[in-house]
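One structure below.
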Amino acid sequence: MVQTLSSIKCQSLLCDLLWSDPDKDVQGWGENDRGVSFTFGADVVAKFLNRHDLDLICRAHQVVEDGYEFFAKRQLVTLFSAPNYCGEFDNAGGMMSVDESLMCSFQILKPSEKKAKYQYAGLNSGRMVQSPQARGAAAGPPKKK
């Protein structure tokens, strides 16, 4: 069964996998400013990779300015693919590709310089609607077909 984000218990492994964040100022584990889960230091990353015979941890779910950001001597990378997140951050989005030889490369999505004219109406609707700003406040809601 797939759990939704709202159904994840705050005191669980799944919660920690989703909400824990790297912190360059922490050794071991620390409190998380999010109010849930923990922060972890580079030493935790190195120990985890060594224990599980891995070379890299790739994670997301945290805004980073340039779309991707390395941590712990390039042993962990945070990807964030939504440029100009929520219209409040001037961040780029990032995508990572891994080739047959395990070489990682990144593509950067620059934030738009102007407000989007269109926004998604919903995840499952498959249609786009004009934002109220693009329509003009007096125009009213989009017409139904």
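The values are calculated or read from the model by the stated rules, or taken from the named source; none is laboratory data. If you're wondering where the values come from, they're calculated on a predicted model, not measured in any experiment. Cβ: placed from backbone, ideal geometry, glycine included. Neighbour counts: every protein chain shown.
Among the residues in the stretch 3-17, are any among the β-branched types (Val, Ile, Thr) and under 30 Å from residue 113 (Cβ atoms)?
The initial filter retains those residues of the stretch 3-17 that are among the β-branched types (Val, Ile, Thr), namely 4, 8.
Subsequent filtering for residues that are under 30 Å from residue 113 (Cβ atoms) retains none.
Looking for residues that are among the β-branched types (Val, Ile, Thr) and under 30 Å from residue 113 (Cβ atoms), one finds none in the stretch 3-17, hence no.
Residues 76, 54: which one is over 19 Å from the mean Cα position of the chain (by Cα), closer than 18 Å to residue 97 by Cα and of a type outside the set (S, T, N, Q)? Full working, then the answer.
Numbers: 76 fails: over 19 Å from the mean Cα position of the chain (by Cα).
Being over 19 Å from the mean Cα position of the chain (by Cα), closer than 18 Å to residue 97 by Cα and of a type outside the set (S, T, N, Q) holds for just one of 76, 54, which is 54.
Listed residues 41, 67, 28, 93; which is among the small types (Gly, Ala, Ser), surrounded by 13 or more Cβ atoms within 10 Å (Cβ to Cβ), within 20 Å of residue 13 (Cα to Cα) and modelled with pLDDT of 95 or more?
Details: 67 fails: within 20 Å of residue 13 (Cα to Cα); 28 fails: surrounded by 13 or more Cβ atoms within 10 Å (Cβ to Cβ); 93 fails: within 20 Å of residue 13 (Cα to Cα).
Among 41, 67, 28, 93, only 41 is among the small types (Gly, Ala, Ser), surrounded by 13 or more Cβ atoms within 10 Å (Cβ to Cβ), within 20 Å of residue 13 (Cα to Cα) and modelled with pLDDT of 95 or more.
If you take the residues in the stretch 1-25 that are part of a loop (DSSP other than H, G, I, E, B) and modelled with pLDDT of 95 or more, which one is nearest to residue 73 (Cα to Cα)? If you could, list the steps in order and put the result at the bottom.
Just the residues of the stretch 1-25 that are part of a loop (DSSP other than H, G, I, E, B), to begin with: 1-4, 8-12, 20, 23-25.
Then keep just the ones that are modelled with pLDDT of 95 or more; that gives 20, 23-25.
Numbers: 20: 19, 23: 13, 24: 11, 25: 14 Å.
Among them, the one singled out is 24.
Test residue 114 against the stated conditions and say whether it is modelled with pLDDT under 90 and basic (Lys, Arg). Give the steps one after another, and end with the answer.
Details: modelled with pLDDT under 90: yes; basic (Lys, Arg): yes.
Yes; evaluated as a whole, the condition is true for this residue.
Among the numbered criteria (1) farther than 29 Å from residue 112 by Cβ; (2) out of contact with any Cys (no Cβ under 8 Å at 6 or more places or on another chain), which single criterion is violated by residue 62?
(1)
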